[in-house]
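K.L.:
Below is a structure I'd like to ask you about.
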Amino acid sequence: MLVIPIIILVAIIIISIISVILLNKGSLSPSASSGNSILETCNTLKYNSESAVNLVFFSPKEQAQEYTDFFLQTSPFNQNQDAFNFYYIDDYQPECELYKGIAILCYSKSLIKIASSCPNDYVIVLQNKPGNIRSSAYMNVLSINTALPLTVLTHEFGHTFANFAEEYTPASIPRGSKNCQSGCDKFDIKDSCSQGCSKTDYYRSIEAGVMRTLSSNEYGIFNQQIITEKLNKETKMATAGKAISEINTGCQDKNYYLIEGLYNQAENSINTIDKTIETGCIGMGGSGSFTYNLILNDNSVIPGSEFNPEFIFTDGQLEEETIINGETFQSDKPFLLKIPVISNAKTLEIKKDAEKIAEINLNDIGARPCLI
């Protein structure tokens with residue numbers, strides 16, 4: 001007579017196990033992490049608020065402090081110093097490649113995951129290389145050759161933060177970029193109007209600003225206006241995003257979706273390479289004409305941040321040169337997005353210029369096989 005109760009009990013246990021497996025991706029506890037994230041010690045240089053934009057350096061403290069001080073002397077950042085937080089990680093050395101044999105490029109999955117040890121909207125890797133090796137900017141990562149002038153930091157930040165095009169020629173103009181215009185009448189304010197801004201028939205609003213030469217650290221009043229507008233927008237987005245991910249806990253208590261994809265420019269499509277659940281803080285993705293949205297089970301939409309997987313900017317300047325020696329490459333690298341974990345989110349929608357080009361299922365991330 002005990003056989004039936006035992007069978008019923010076993011059935012209940014099996015059903016419970018299956019339910020836990022299926023719901024595990026909804027609860028998203030740290031044990032559901034399929035990426036096995038290992039966080040490093042996050043050190044604070046300057047903290048202002050939870051809504052501030054977060055910059056994290058991979059370097060010794062002294063170097064991080066030097067570049068932070070320089071950054072905050074630059075207009076318009078010097079007028080918005082409380083809008084930034086600065087951190088550094090000094091016990092992890094990123095592996096950087098020599099991209100195309102000419103530029104340092106530190107963008108990698110391991111870097112993005114370790115950067116999650118700190119609040120991280122923008123990631124800055126400082127490494128010393130020969131003076132003829134360029135720095136680079138890709139997505140929200142700045143790979144800085146410290147042999148170049150300090151102004152290479154503000155130059156590369158202009159790309160990642162404000163979607164600025166190069167103001168030297170020749171170069172490619174990212175979609176949505178505003179600092180290079182087809183005519184002088186396009187600038188509502190300007191220092192001057194000079195021909196040659198990525199393309200020979202486009203114009204820039206300052207004769208020799210930092211987006212043209214590392215001998216300057218002036219963006220120009222038109223570009224400063226763009227930066228200030230983006231800063232206001234990004235701090236608001238940061239506040240909303242951090243509210244979703246419970247800002248009052250440390251990075252070790254948070255989880256995020258890590259989406260790895262590859263943008264196919266010929267087909268204007270995105271191929272998903274990998275998607276995992278990781279431990280750590282998320283962050284913004286940079287700037288550009290690409291955006292992502294989270295679609296919830298009830299089909300409501302939570303807007304995400306901008307990003308640009310299309311271009312890798314490389315910039316350098318030898319001592320005898322007056323204009324940046326650089327080049328913009330169409331990216332052949334996978335990109336990574338860190339998406340806030342929301343239990344009732346079902347898909348990630350990616351758009352380019354407001355046109356949907358990808359939809360990624362989130363429900364199967366972190367799911368575990370059922371072996372009976």
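All of the numbers you see were taken from the coordinates with simple rules; none came from a lab. On a predicted model such as this, the values are computed, not experimentally measured, just so you know. Positions of Cβ are backbone-derived with ideal geometry, glycine not excepted, and every protein chain shown enters the neighbour counts.
K.L.:
Among Tyr256, Tyr87, Tyr92, what is the fewest-to-most ranking by other Cβ atoms within 10 Å?
P.N.:
Tyr92, Tyr87, Tyr256
K.L.:
Treat each spin label as a single point 7 Å out from the Cα along the C-beta direction, and report the Thr322 to Asn299 distance in nm.
P.N.:
Roughly 6.1 nm, to one decimal.
K.L.:
If you rank Cys184, Cys118 by fewest surrounding Cβ atoms within 10 Å, what's the result?
P.N.:
Cys184, Cys118
K.L.:
Another question about this same structure. What is the distance, in nm, between label points placed 7 Å from the Cα along the Cα-to-Cβ direction at Asp353 and at Ile189?
P.N.:
Spacing of the two 7 Å Cα→Cβ label points: 3.0 nm.
K.L.:
Starting from the amide H of Leu142, placed 1.01 Å from N in the peptide plane, find each other amide H under 5 Å away whose residue is 5 or more places distant or on another chain.
P.N.:
Hits under the 5 Å cutoff: Val123, Ile124, Val125.
K.L.:
When Arg212, Arg175 are ordered from fewest to most other Cβ atoms inside 10 Å of their Cβ, what list results?
P.N.:
Arg175, Arg212
K.L.:
If you don't mind, another one. Expressed in nm to one decimal, what extension gain is obtained for the pair Gln73 and Gln265 from 0.36 nm per residue of sequence separation less their Cα-Cα distance?
P.N.:
65.3 nm
K.L.:
Hey, got the dipole for the stretch 89-195? About the Cα centre, +1 on K and R Cβ, -1 on D and E Cβ, debye to the nearest 20?
P.N.:
So the dipole magnitude of the stretch 89-195 works out to roughly 280 debye.
K.L.:
Here's a follow-up. Please work out the Kirkwood hydrodynamic radius for the stretch 144-219, using every pair of different C-alpha atoms, and report it in angstroms with one decimal place.
P.N.:
Kirkwood radius, the stretch 144-219: 12.4 Å.
K.L.:
Three principal axis extents, largest first, for the C-alpha atoms of the stretch 250-372, in Å?
P.N.:
68, 35, 30
K.L.:
Can you flag which of Lys61/Lys129; Lys178/Lys233; Lys178/Lys352; Lys199/Lys338; Lys61/Lys100 are past 22 Å Cα-Cα?
P.N.:
Lys199/Lys338; Lys61/Lys100
K.L.:
Per the Debye formula with a single identical scatterer at each Cα and no solvent contribution, what log10 I(q)/I(0) holds for the stretch 90-237 at q = 0.09, 0.19 Å⁻¹?
P.N.:
Log10 I(q)/I(0), no solvent term: -0.30, -1.17.
K.L.:
How big is the stretch 56-152 along each principal axis, measuring the range of its Cα positions in Å and listing the largest first?
P.N.:
For the stretch 56-152, the Cα spread along each principal axis is 38, 29, 24 Å.
K.L.:
For Asn48 and Asp364, FRET efficiency with R0 = 56 Å and r from the beta-carbon atoms, rounded to 0.05?
P.N.:
In this case the efficiency is close to 0.90.
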